[in-house]
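Written out below as structure tokens is the structure these notes cover.
The values are calculated or read from the model by the stated rules, or taken from the named source; none is laboratory data. The structure presented is a predicted model; accordingly, all values stated were derived computationally and were not measured. Cβ coordinates were reconstructed from backbone atoms using ideal geometry, including for glycine residues, and neighbour counts include every protein chain displayed. Calculation scope for accessible area: heavy atoms of the full protein, side chains included, ligands and nucleic acids excluded. Shrake-Rupley method; radii C 1.70, N 1.55, O 1.52, S 1.80 Å.
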Amino acid sequence: MTEQQIVRLSIGGMSCAGCVASVEKALQAAPGVSEATVSFAEHTAQVRGSADVASLIKAVVDAGYEAAELRSLDEEQAERDVREQAQYRLLLKRSAVAGAVGAPLMVGDMSGWLPALAEGQLVWLLIGLITLAAMVYSGRHFFVGAWKQFRHHNANMDTLIAIGTGSAWVYSMAITLFPHIVPSLAQHAYFEAAAIIICLINFGSALELRARGKTSEAIRRLVGLQPRTARVVRDGQELDIPILEVGLDETLRVRPGERIAVDGVIIDGSSWVDESMISGEPLPVRKAPGDEVIGGTINTQGSFLFQAKRIGKDTVLAQIIEMVRSAQASKPAIGRLVDKVSGVFVPTVLIVAVLTALAWLNFGPSPQLSHAMVATMTVLIIACPCALGLATPISIMVGVGKAAEYGVLIRNGEALQQAGKLQTVVLDKTGTVTEGKPRLTDIVPFAGANTDHLLAIAATVEAASEHPLAAAIVAAADEQGIARLELADFEAVSGHGVRASMNQQTVLIGSRKWMKDNGVFLGHLEQAGERLAAEGKTPVYMGMNESGAAVFAVADPIKQDSAEAIARLHAQGITVVMLTGDHRATAEAVARQVGIDAVIAEVLPEDKDQHIARLQQQGQIVAMVGDGINDAPALARANVGFAIGGGTDVAIESADITLMRGSLHGVADAIAVSRATVRNIKQNLFGAFIYNTLGIPVAAGVLYPLMGILLNPMIAGAAMAASSLTVVTNANRLRLFRAPRAKRGGEA
């Protein structure tokens, strides 16, 4: 904030006018605040001064209330876009001004329209001053950047550009003022070269900025998911207000077909919400009072009221956007290596430039000074490591954006690079390979009894139980619309089963031991139960009046695409391991069905990270895929941690990579995008190094003794800009990348 800026905050937890005074006092006491006004009606605060937003929120929280900045994602992205557009236009303007000076000079020099230096000294002096004005306007940032680097004993591309163009102008102005200090053959000014070089470099920077803007499409699409307005309920009236005016604990109405404005909890009504933007799952999710809803998701049916719990930058959508942004701006190890190379490269080029000048002055043909000037300036210009500096970040930006299109949110460039090197992927079972919700999968009746009737009896009895397996049976009956029957009495025996009376019949439901203990004859149901157990399912037996009635199989179903995704990992040369706390028989049954290579079962959550460390000690580069909560230590220990299926705050915070679609295909997609991105970076680096390796000797004049070729500085400037454009173009090829999928059902 500056003195002229105003910050608007939403205040939560205020219940009376006294609260207003407390919040105002807390805000006014914050350093840098000149004025603070709190509205109880709107539960907002308006603060003027120089304090930053974080310190203002802390002051409110310390006073015992809640606070969040009232700022929409649209507004923030719009500001970024405006800044980028302004910078793009400025670079084009700088390029145009330098080009408007340099191009006529170049044409005039080549056509012979301009007078000789000795004859038209005043004309050339005027040209020099005009060129200086163009250089100050169009190239000032290069000289300022070079000076800052010099003060810190560093050198970068600004150093090369400033020395090259600056020395060209100084040399040209010197021989304009004192033409007779050099032989007549050396009396040539290079004002046009200085101007054209600055023109080309600015134009190249503008193209780079435009390319970076295109890589932010993924962010713009995410921002577009948040609605611009919301319907709030205030004083019994429903009002449509801008999204940035929605406050904490505000009650909002959502109608069918509308996007949910912010994160919150339903307080009245129910509906089905399309959460595909978070989970990737196409089927809407049932929502009822007490359930959480996420901003940006779509209400498909019904109308409900919910209370805002997270707004602005605190919403899940905002955190996802911020994670994509930070990943695009981060540097992996290969990028840091480039920085180190550039740090050595620029001083080396300066030394080469000095040696070039000395070589031409001592061994070059007449006019030596003119040749030395041209060769030295050309070396400095052609060596500018623009392409080298662009090679990594432009590919990272495109790669992270491409991953986001697949629902893969990458926290940083390091994770993007590491994902491509993975050798072993360790999977948690529940909620990762499987759906994480026990369901009734099979009903085996005794002597051909009606399965619907058996399910009605079982659901009626199990509705009184709190066991997770009982909940699966009840849920199955509810899904099929099977009505409950009348229950006379109910008894639960912990660890064994339940006993109930219905229609003067005794009903027993539970384990095989429970049946045996109560003298229930199971017959072929016993063999059916053993078969189901071998398939990784849990058999639940039901007996009526000492006779077996049915065996129900409850299991955590394997996700439909788990086997296909694991096949993709195998095709990528990855070993897949399952790490779970489940019984070995159940885990191995699941592993067989999906093609997992090895199983580590009956592991406590706190011991999972030790197994990851053991694999790493064997020389493996290991990824851990889990839910981001129970598996947090293992996720942190792994070389790359994948949080799958949640899209929750905890999952986003605990992993290097978050898979929003809840599918293991996201792991294969992340690895494929990583490998394509790293391959693209290497192509860019190879091109940039080859360009500099071949370009510098040619610029220094090694071809002159053999072929009489001496490179023009303007051509060097154009070549440098072209190399940057080549890197940008190659990086943008990643936008066309498509992760290979396994064939399924006739689909490629």
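So here's what we get for this one:
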{"item": "Efficiency of FRET between Glu491 and Ala447 - r from beta-carbon atoms, R0 22 angstrom, step 0.05", "result": "0.25"}
{"item": "Paramagnetic reach from Gln617 in the stretch 426-441 [backbone N under 18 Å; point 7 Å along Cα→Cβ]", "result": "none"}
{"item": "Burial ranking of peptide ranges 266-273, 44-51, 105-112 (average Cβ count within 10 Å, highest at the top)", "result": "44-51, 266-273, 105-112"}
{"item": "Stretch gain in nm, segment Leu694-Glu602, where the contour uses 0.36 nm per residue and the Cα spacing is subtracted", "result": "27.1 nm"}
{"item": "Cα Rg, Dmax (largest Cα-Cα span) when computed across the stretch 352-458, Å", "result": "34.4, 111"}
{"item": "Spin-label model distance (nm) - Arg151 vs Arg584, 7 Å beyond Cα toward Cβ", "result": "6.9"}
{"item": "Long-range HN-HN contacts of Asp291 with modeled amide H, under 5 Å", "result": "Ile266"}
{"item": "FRET efficiency for Gln480 and Arg8, using Cβ-Cβ distance with R0 set to 45 Å, rounded to 0.05", "result": "0.30"}
{"item": "Cα-Cα over 19 Å, subset of Lys309/Lys437; Lys429/Lys513; Lys437/Lys608; Lys287/Lys309; Lys287/Lys313", "result": "Lys309/Lys437; Lys429/Lys513; Lys437/Lys608; Lys287/Lys313"}
{"item": "Arg48-Arg735 pseudo-label distance in nm [points 7 Å out on the Cα-to-Cβ vector]", "result": "4.4"}
{"item": "Where Glu564, Glu602 fall by accessible area, highest first, once all protein chains stay in place (1.4 Å)", "result": "Glu602, Glu564"}
{"item": "Length gained when the stretch Arg140-Gln572 is fully extended (0.36 nm per residue, less Cα-Cα span)", "result": "150.5 nm"}
{"item": "The stretch 468-617 - percent of accessible surface contributed by carbon and sulfur, probe 1.4 Å", "result": "49"}
{"item": "Accessible surface, 1.4 Å probe, highest first, among residues Arg228, Arg584, Arg94", "result": "Arg228, Arg584, Arg94"}
{"item": "For Val33, residues with placed amide H under 5 Å, excluding near neighbours", "result": "Ser50, Ala51"}
{"item": "Linear extension gain, Ile715 paired with Lys25, 0.36 nm per residue minus alpha-carbon span", "result": "241.9 nm"}
{"item": "Alpha carbon centroid spacing (whole Å) that separates the stretch 257-276 from the stretch 693-708", "result": "68"}
{"item": "Sparse-neighbour loop sites [trypsin sites (Lys or Arg not before Pro); the stretch 484-516; at most 15 other C-beta within 10 Å; DSSP]", "result": "Arg484"}
{"item": "Ala86/Leu129 FRET efficiency (R0 25 Å; Cβ-Cβ; nearest 0.05)", "result": "0.30"}
{"item": "Protection-proxy order for peptides 567-579, 427-439, each taking the mean of Cβ atoms within 10 Å per residue, highest first", "result": "427-439, 567-579"}
